[in-house]
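Participant: There's a structure below that I have some questions on.
Just so it is clear, none of the values below were taken in a lab; they were calculated from the coordinates. Keep in mind that what you see is a predicted model, and the values were worked out from it rather than measured. FYI the Cβ positions are ideal-geometry reconstructions off the backbone, even for glycines, and counts take in every protein chain you see.
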Amino acid sequence: MDTVAVTGGNGELGTALLSALADRGYRTVNLSRGDRRETVADRYLRTDLLDPGEVYGSLARADPDAVAHFGTIPRPDETPGHVTFRSNAQTPYHVLEAAQSLEIETVVLASSLSAMGAGFEDEVRVEYLPVDETHPLTPSNPYGLGKQVAEVVADGFGRREGAPTTVASLRFPLVTTDEELRTVFAEADRSLAGIRDAGFFEKARKTLFAYLHLADAADLAVRALEAEFAGHEVFFGAAEGTTVEAPSAELAELYDAEVRRSFEGYERLIDAGKAEQWLDWSADRSWRE
C-alpha cells in the first residue's frame, strides 16, 4: 500500500487519519466537499460523495491502493433525518462500487456504536455484556439506521468476487480530543452522582460509558487499512476504561443484560478483543492519565 484516499479528510477524525497515515510514510488524497480545511494531504479533490460519478472520478484521479470512507454526517441532531440517513447509507455504497470498478483492494468504513442501537435512541437495548460485534443491532433513529445499512452493504460487497477484497467497518464510540479528556473528564466530577447532577448520566449510559481518543481511533483505521483479511469484518474500538469513576460491575447493573464475565475495576463494557487480535491494535490513551 502506497497511496490512501480519505473521504471527509476535512473533518476532525479524517484529518487525524491523514496525519497518522503521513507519519507512516503514506501518500494521501483528501476527497471532501467544500474548501480544504487541512494541510496534511498530498492532494485535495473536491468531491460530492452523494454523486456516484464524482466519487468514481475522484478515486480514478487519486489512483489509491486503499480508501478510508469517513465523509459522512457525524451526528444526527444538526440535519433532517432523511439527509442524515442518506449520508450514512448511500455514500458507502458509492465508495464501495467505485472501489470495485477501479480494483481498489481495501476499503475501511467509519461505522458507529449507534449501529447497535446505542447513543441517540430513547433507550439502549443491551442483551449481554460486554458487548461485542455479534450483539443484535436494534437502531431506530436515522443515524443508527444509516450505519446499520452501511454495514449490510459492506457485507454484500464482501461476498462479491474481485475487489475490494478487504472491507472493514469500524464501530467508534464517543471520540475525544486531548482537551476534552482534560476538561470534560479529568477536571470534572465523573462519579455517577456527579454526572447525574450535570445532566450527563443518561447520555453516558446510552453510550455504554465508552469513549476513544482521537489518535487511537486514527490508529485503528490505519491498522484496518493495512490488514489483509478476506471479505467484510466489523470491529469495535474503545478505550480500556469507562467514562466514569464507578466500578464496571456496578455499571453493568444499570442494564437489563446478561453479564457473561466478571468485570474488574473500570474495565470497558465493550469487547474490543477482535480488533486487538485481528489488527494488532490497542487503545493507549485514557482520561485517567
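Participant: Kirkwood hydrodynamic radius for segment 62-147: how many Å is it when counted over pairs of different Cα atoms?
Facilitator: Values: mean 1/r = 0.0710 Å⁻¹.
After inverting the mean inverse Cα-Cα distance, the result is 14.1 Å.
Participant: Arrange the peptides 274-287, 19-32 so that the one whose residues have, on average, the most other Cβ atoms within 10 Å appears first.
Facilitator: Numbers: 274-287: 17.2, 19-32: 20.4.
Result, highest mean first: 19-32, 274-287.
Participant: Could I ask something else about it? Nearest-5 percent of antiparallel DSSP beta bridges in the chain? Don't jump to the answer; show the numbers that get you there.
Facilitator: Working: 1 of 37 bridges.
Around 5 percent of the beta bridges assigned by DSSP in the chain are antiparallel ones.
Participant: Using just the alpha carbons, could you tell me how many Å³ per residue the convex hull of segment 171-289 encloses? Please report the intermediate quantities before stating the final value.
Facilitator: Numbers: hull volume 13.0 nm³, N = 119.
Measuring per residue, one finds 109 Å³ for the Cα hull of segment 171-289.
Participant: Reachable lysines from K274, Cα under 25 Å, same-chain residues fewer than 8 places away excluded?
Facilitator: List returned: K147, K206.
Participant: Tell me the Kirkwood radius of segment 24-175: reciprocal of the mean inverse pair distance over distinct alpha-carbon atoms, in Å. Display every interim value, and only then the final one.
Facilitator: Working: mean 1/r = 0.0618 Å⁻¹.
Radius from the Kirkwood sum: 16.2 Å.
Participant: Under a GNM of the chain (C-alpha, springs under 10 Å), which listed residue has the highest mean-square fluctuation: E12, E250, E97?
Facilitator: E250
Participant: Give me the one-decimal Kirkwood hydrodynamic radius in Å for segment 222-287, with the sum taken over alpha-carbon pairs. Could you put the intermediate results ahead of the total?
Facilitator: Numbers: mean 1/r = 0.0739 Å⁻¹.
Answer for segment 222-287: a Kirkwood hydrodynamic radius of 13.5 Å.
Participant: Whole percent per 5 Å bin, from 0 to the bin with the longest distance: what is P(r) over all C-alpha pairs of segment 59-107?
Facilitator: 5, 21, 26, 18, 13, 10, 7, 0
Participant: What percent do you get for the relative contact order of segment 1-110 when only Cα pairs under 8 Å and 6+ apart count?
Facilitator: Once divided by the residue count of segment 1-110, the mean separation gives 28 percent.
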